[in-house]
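K.L.:
My questions all concern the structure below.
The values are calculated or read from the model by the stated rules, or taken from the named source; none is laboratory data. In this text, all values refer to a predicted model and were calculated from it rather than measured experimentally. Cβ coordinates were reconstructed from backbone atoms using ideal geometry, including for glycine residues, and neighbour counts include every protein chain displayed. These area figures cover heavy atoms from the full protein model, side chains too; ligands, DNA and RNA do not enter into them. Shrake-Rupley method; radii C 1.70, N 1.55, O 1.52, S 1.80 Å.
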Amino acid sequence: METDPRFGSPEPSVRDAREPINLLLRDLRAHPEGLSSREAERRLVAYGPNELTRQGGRRWPRQLARQVVHPLALLLWVAAALAFAAGLPPLGVAIIAVVVLNAGFAFSQERQAEHAVEALRRYLPLQARVIRDGRLQQVEARSLVPGDVLVIEEGDRICADARLLEGDLEVDLSTLTGESQPVFRSSEFVDTTGPMIEARDLVFSGASCVGGEARALVHATGMRTELGRIAALSQRVEEELSPLEVQVRRVAWLIALVAVGVGILFLPIGWLAAGLPLRDSFIFAIGLIVANVPEGLLPTITLSLAVGVAALARRGALVKRLSAVETLGSTTVICTDKTGTLTENRMRAVRIWTPLGEIDLEDDVDVGAAVAANPVLGFVGRTIAACSTA
């Protein structure tokens, strides 16, 4: 359907996808038979590609700067400067090397885990089937625009928020709701109240179709989808100091006060009581200040946290900040009502019953040997495979 040239391409806007379907078609300037390729290209310019984007530009400079300006690192920078002032360049270089190496290691660890949006992108397929120019076409998922008519079948991963035009589906919405059980969606339902995610005639980007066939009208793409909203929220989370970071800041201030206090106290003692020249007393006082700064504390903390991150990574956990490991360690109670996606979100056969016997698959039974010994099991397996589109 071509857009009336008097109005031009529709501009991105917020619309209620639960309004009557004729009004939604009017607002989207769409048609149940889909758009034309020319109109789809025009809307792609207006709405942008159907993909999740990272907000705020490059973050690595800020992340790297955070590793070299926190209190303990600043204390070491000051100690290095005092070491150079006292004529101890090897010590100053060694302290700077500790700070730089620690910052590089911590930065690389956190960068490896900075994949929140990238992980959500994996829920979007690369291709989609749409009705364009009056016929079924396969196009890149990123080129979908509001007004497109999606064709969804069992096994497909949905790549945009859409309103069902015809057909029934069973949809896995665990990506958005955390519930592992599929839900039923049908074009015959009309839900105008309640949460958008519970509307029984809507399907959402990132969800998977586990049964049925349907056509759906795309009403939101990219960051305007429910999945895009989650991606945007994950990027707007304000970082707070962890309990460990608060304690390290206090320790850094305490060390600084003690070191400076000892240095200032020695200056009159060395000059007046011990009879040292003022310059020697000053150099010795700087040496005391530097000696009271624990250069090994910073890399020790970083390495300890990195070991915890590695242990969690082996269990499939994603840690965005090293200090979060200590925060998790100080947690005493976790209250949750989730089951499916909080655990493995996986269902599998654990027992097989046939007229000839029973096999318990939870006891690490060799299924191949069991099938060879019992031909009925092979027949059951072939029947299941023939009835499945997975």
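K.L.:
So what is the diffusion coefficient of the range 21-94 in µm² per second by Stokes-Einstein at 20 °C and 1.002 mPa s, using a Kirkwood Rh over Cα pairs?
P.N.:
Working: Rh = 18.1 Å.
D, rounded to a whole number, is 118 µm²/s.
K.L.:
Leu101 to Gln137: extension gain in nm, 0.36 nm per residue of separation minus the Cα-Cα distance?
P.N.:
Difference between extended and current length: 7.6 nm.
K.L.:
Compute the FRET efficiency between Glu19 and Leu254 as 1/(1 + (r/R0)^6), taking r as their Cβ-Cβ distance and R0 = 51 Å, and round to the nearest 0.05.
P.N.:
The computed FRET efficiency comes out at 0.25.
K.L.:
Pop out the carbon and sulfur fraction of the accessible area of the range 123-263 as a percent, whole number, probe 1.4 Å.
P.N.:
51
K.L.:
Cα convex hull of the range 151-296: mean projected area in nm², to one decimal?
P.N.:
14.6
K.L.:
Ordered by residue, what ³J(HN,Hα) values in Hz, to whole numbers, does the range 162-177 give under the Karplus form 6.51 cos²θ - 1.76 cosθ + 1.60, where θ = phi - 60° and Gly and Pro are x?
P.N.:
Along the range 162-177, the couplings run 8, 9, 5, 9, 7, x, 10, 9, 10, 10, 8, 9, 4, 4, 9, 9 Hz.
K.L.:
If R₀ is 56 angstrom, what is the calculated FRET efficiency for the pair Gln127 and Asp360, using the beta carbon separation as r and rounding to 0.05?
P.N.:
0.85
K.L.:
If R0 is 45 Å, what FRET efficiency do you get for Ile197 and Leu303 from their C-beta distance, rounded to 0.05?
P.N.:
0.55
K.L.:
Further question: For Ile269 and Asn292 in one chain, what is 0.36 nm times their gap in residues minus the Cα-Cα distance, to one decimal in nm?
P.N.:
Contour length minus the Cα-Cα distance gives 6.5 nm.
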